[in-house]
Amino acid sequence: MRALMKLGVALFLAVASQAIWAKASDIPVKDFFRNPEFTGLQLSPDGKHIAVLSPVNNRRNIVIMDTDGLKNIRPITGLSKQDIGGFFWANNKDIVFTMDSDGNEAFSIFKVDTSLKKPKIIQLVGATAGASGIRSASTVHTLPEDPDHIIVQFNQRRVKAPDLYKLNLDSRWSNKRKKNSKMKLIAKNPGDVQGWLVDHDGDVRGAFSINGLKGKFHYKAKGEKDFRVIREFNVEDEGISPLAFDYDNKTMFVNSNIGRDKNAVYRYDPETNKLGDMIFGHEIVDVAGLWMSRKQKKLLGISYIHEYPETVYFDDATEKMMKKLQDAFPGKRVNISSQSKDEMLNIIVVSNDNDPGKYFLFDRNKNNVIPLVPRMDWLNPDYLSPMKAIKFTSRDGLTIHGYLTIPKDSDGKNLPLIVNPHGGPYGVRDTWGYNSEHQFFASRGYATVQVNFRGSGGYGRNFQQAGYGGKWGAEMQHDLTDAVKYLVKEGIADPKRVCIYGASYGGYATMAGLTFTPDLYKCGINYVGVTDVGLLFTSMPKHWEPAKEQLKLRIGDPEDKELMNRMSPLAHVDKIKAPLMIVQGAKDPRVVKQHATDLRDALEDRGIKLNDDEWIMKNDEGHGFRKEENRIELYTKMEKFLAKHLK
């Protein structure tokens with residue numbers, strides 16, 4: 001309840017009292033990794049209430065308050081075992097939220113009625129995880145014009161083929177019958193559909209099916225009963241990807257790289273299957289983020305990330321409004337995160353690379369900004385470090401982009417370096433902004449580099465596909481090695497004090513670094529990382545199996561045992577020289593715990609036994625640690641490990 005005890009005071013301050021430290025290294029580990037006091041603020045459709053995720057019972061729970069005067073603050077959930085994942089206002093009284101169980105990624109959907117004096121959590125859809133696969137639900141459309149229903153996707157009937165349902169909010173899930181009797185099936189999956197497209201009215205208008213590497217776009221016009229195939233394509237060729245219907249519910253906004261390498265935003269007419277005019281494109285990065293106004297029925301802007309976040313506007317009033325807000329917070333980034341239905345009340349987030357952010361209420365009618373709450377008021381930006389964009393040329397001539405965080409109080413020279421490769425790896429990229437891990441590392445004197453190595457998303461089709469077909473542990477890893485050499489050449493990194501740390505594919509890259517370039521790194525931290533590439537295919541969740549051929553194309557053929565052996569760090573454990581820390585969630589459905597236990601056993605066979613600070617297996621976690629106490633324990637041990645091997 002710690003958040004609620006000071007919530008009434010904090011709500012009226014732009015920044016609550018911050019701790020004063022002599023230096024950044026005095027900031028406790030827990031201050032970087034405990035749950036934010038306030039995050040995810042959302043306005044009810046009528047703007048009369050604000051909901052926020054805040055720690056209650058040491059878990060992320062939902063707290064609501066009146067917007068007028070920020071009064072009547074009360075928690076409406078009091079969960080003590082799990083954190084709430086995400087939530088939204090379904091109408092002016094009902095909040096819908098999702099939650100899994102200990103990281104198994106089987107997400108159930110719940111509702112809570114905020115108008116009741118004693119709100120009760122009602123389960124609307126029940127997810128399961130077992131030998132038959134992961135059955136998980138998600139919201140596809142909130143149906144803002146229909147306050148009594150939402151549209152959900154759920155793969156209960158066939159684990160590999162999710163159906164669409166219209167869900168009555170005045171209903172509940174029966175654990176005994178394993179169903180919600182008021183869920184209405186509105187799109188039955190024939191077996192190969194992997195994604196659905198719904199228009200602004202909530203009508204199902206499109207579907208994407210995949211069979212191996214062949215895809216089809218199915219479409220039906222307003223009022224039509226049956227789908228027809230309007231496009232057939234190879235999933236890795238140039239093509240189009242629908243983003244949203246325009247408000248006429250006829251034309252679409254789509255991503256397309258037809259005739260160009262980078263994805264741009266176009267208009268598209270599905271009736272004629274013709275790509276219209278390009279609305280916006282960029283020569284270096286893909287563009288996708290639409291900012292649309294339901295009230296004005298128009299596209300307001302498109303956001304993208306080149307080196308730093310940027311937005312191009314198509315509405316003069318919106319551009320002027322955002323410029324005024326930006327001018328009010330010089331040196332900060334300003335984003336609108338939530339709006340009332342009439343778009344007059346807005347929650348804005350003001351943040352930066354060295355500032356986790358503060359929330360404000362912007363009233364367009366009154367043209368004023370009221371401070372609400374900071375996300376993490378105990379962190380003072382004056383003690384935190386900047387993140388800057390970098391780029392360098394790889395050994396074979398590719399331009400590689402990334403980000404570098406250097407300890408603020410250092411001279412920026414000859415620093416111990418942490419290489420932090422991202423997960424994914426395909427379609428994912430690192431971006432600029434506040435990063436708790438990197439601020440923690442910087443506070444302890446380490447520089448951190450993020451590398452958007454080949455295969456990463458966001459830089460066009462050619463760059464992503466440069467990481468296909470057996471490039472794990474090879475060309476993709478070379479980009480990380482070249483980043484280290486670049487920073488050494490620039491005088492930033494000390495070549496004798498370099499560590500590699502990453503999660504998921506980043507964990508794989510950690511192990512590849514320690515096995516394939518053993519002299520480069522002084523230590524490594526493998527967090528839920530792949531160690532046996534062949535095992536990745538044989539243990540994948542059943543609902544991933546429709547994408548297996550695509551994964552084979554991207555990663556390599558699992559039947560090619562020589563390739564699997566070459567890429568798998570587990571087969572090269574004898575080359576490891578540097579100390580290693582292994583972190584794993586026992587319920588991880590993506591990178592199963594066998595990756596970690598096999599690696600540990602292989603090390604023990606060589607006479608290397610990991611101690612309690614080097615081996616962390618949590619039975620109540622999945623693909624990454626979500627529980628606050630587990631995160632704090634992890635980074636406390638990580639601090640000791642890095643200090644021992646990298647100072």
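Nothing in this text is a laboratory measurement; each read-out follows from the coordinates by a stated rule. Quantities reported herein were computed from a predicted structural model and do not represent experimental measurements. Note that each Cβ is placed from the backbone with ideal geometry, even for glycine, and that neighbours are counted across all protein chains shown.
Between LYS575 and GLU545, full extension at 0.36 nm per residue minus the direct alpha carbon distance yields a gain of 7.5 nm.
Treating r as the C-beta distance of ASP612 and SER293 and R0 as 45 Å, the FRET efficiency rounds to 0.25. Looking at region 385-646 alone, DSSP beta bridges between its own residues are antiparallel in about 40 percent of cases.
Is region 424-498 rounded, prolate or oblate when judged by the Cα gyration tensor, a ≥ b ≥ c being the square roots of its eigenvalues, rounded requiring a/c under 1.5 and prolate requiring a/b larger than b/c? Here region 424-498 falls in the oblate category. The charge dipole of the chain, taken about the Cα centre with unit charges on the Cβ atoms of Lys, Arg (+1) and Asp, Glu (-1), comes to about 1480 debye, rounded to the nearest 20. As a proxy for reagent exposure, ranking THR510, THR399, THR39 by other Cβ atoms within 10 Å from fewest up yields THR399, THR39, THR510. Short to long, the 5 Å bins of the Cα pair-distance histogram for region 184-297 hold 2, 11, 21, 23, 21, 14, 6, 2, 0 percent of all pairs. R0 = 51 Å: FRET efficiency of ASP237 with LYS71, Cβ-based, nearest 0.05? Using R0 = 51 Å, I get an efficiency of 0.35.
Could you sort out which of LYS48/LYS250; LYS178/LYS341; LYS188/LYS216; LYS485/LYS587; LYS166/LYS222; LYS111/LYS324 sit more than 27 Å apart by Cα distance in this structure?
LYS48/LYS250; LYS178/LYS341; LYS485/LYS587; LYS111/LYS324
Please give the length that would be gained between ILE258 and GLN594 if that part of the chain were fully extended, namely 0.36 nm times their separation in residues minus their C-alpha to C-alpha distance (nm, one decimal).
116.8 nm
Say the dipole of region 385-646 comes from +1 at the beta carbon of Lys and Arg and -1 at that of Asp and Glu; which of PRO558, GLY607, SER436 then lies farthest toward its positive end? Towards the positive end, the residue furthest out is SER436. Applying a threshold of 29 Å to the alpha-carbon distances of LYS496/LYS627; LYS184/LYS542; LYS160/LYS552; LYS471/LYS627 flags LYS496/LYS627; LYS471/LYS627 as lying beyond it. P(r) tail, region 329-404: Cα-Cα pairs separated by more than 22 Å, 44% of all pairs. Placing pseudo-labels 7 Å out from each Cα toward the beta carbon at ASN92 and ILE284 gives an inter-label distance of 4.8 nm.
How large is Rg/Rh for region 229-385, to two decimals, with Cα atoms and a Kirkwood Rh?
1.04
Would you give the gap between the C-alpha center of region 273-346 and the C-alpha center of region 425-449, rounded to a whole Å? Using only Cα atoms to place each centre, the spacing works out to 25 Å. Taking 4 °C and 1.567 mPa s as conditions, region 585-647 diffuses translationally at an estimated 101 µm²/s according to Stokes-Einstein applied to its Kirkwood radius (Cα pairs). If you wrap the Cα atoms of region 385-646 in a convex hull and average its projected area over all directions, you get 13.2 nm².
Dividing the helix sum by the residues of the chain, where each DSSP H run of 4 or more adds -39500 (n - 2.57), gives a mean residue ellipticity at 222 nm of -5500 deg cm²/dmol. When the GluC sites (Glu not before Pro) in region 263-325 are filtered for DSSP coil states and for at most 16 other beta-carbon atoms within 10 Å of their beta-carbon, the remaining sites are GLU271, GLU283, GLU307.
Region 351-370 and region 167-192 have Cα centres spaced 39 Å apart.
Determine, from the Cβ-Cβ distance of ASP396 and SER132 and an R0 of 41 Å, the FRET efficiency 1/(1 + (r/R0)^6), rounded to the nearest 0.05. The computed FRET efficiency comes out at 0.35.
Model label sites at VAL229 and ASP46, defined 7 Å from Cα along the beta-carbon direction, differ in position by 5.0 nm. Each of ASP382 and LEU116 was given a label point 7 Å from its Cα along the Cα-to-Cβ line. The distance between the two points is 4.8 nm. For region 385-646, averaging the sequence separation of C-alpha pairs within contact (under 8 Å, six or more residues apart) and dividing by the residue count gives a relative contact order of 16 percent.
Using the Stokes-Einstein relation with a Kirkwood hydrodynamic radius computed over Cα pairs, the translational diffusion coefficient of region 495-614 at 4 °C and a viscosity of 1.567 mPa s comes to 89 µm²/s. Dividing the Cα radius of gyration by the Kirkwood radius, what Rg/Rh value follows for region 124-226? Across region 124-226, the Cα-based Rg/Rh ratio is 0.98. Using every pair of distinct Cα positions in the chain, the Kirkwood expression returns a hydrodynamic radius of 26.3 angstrom.
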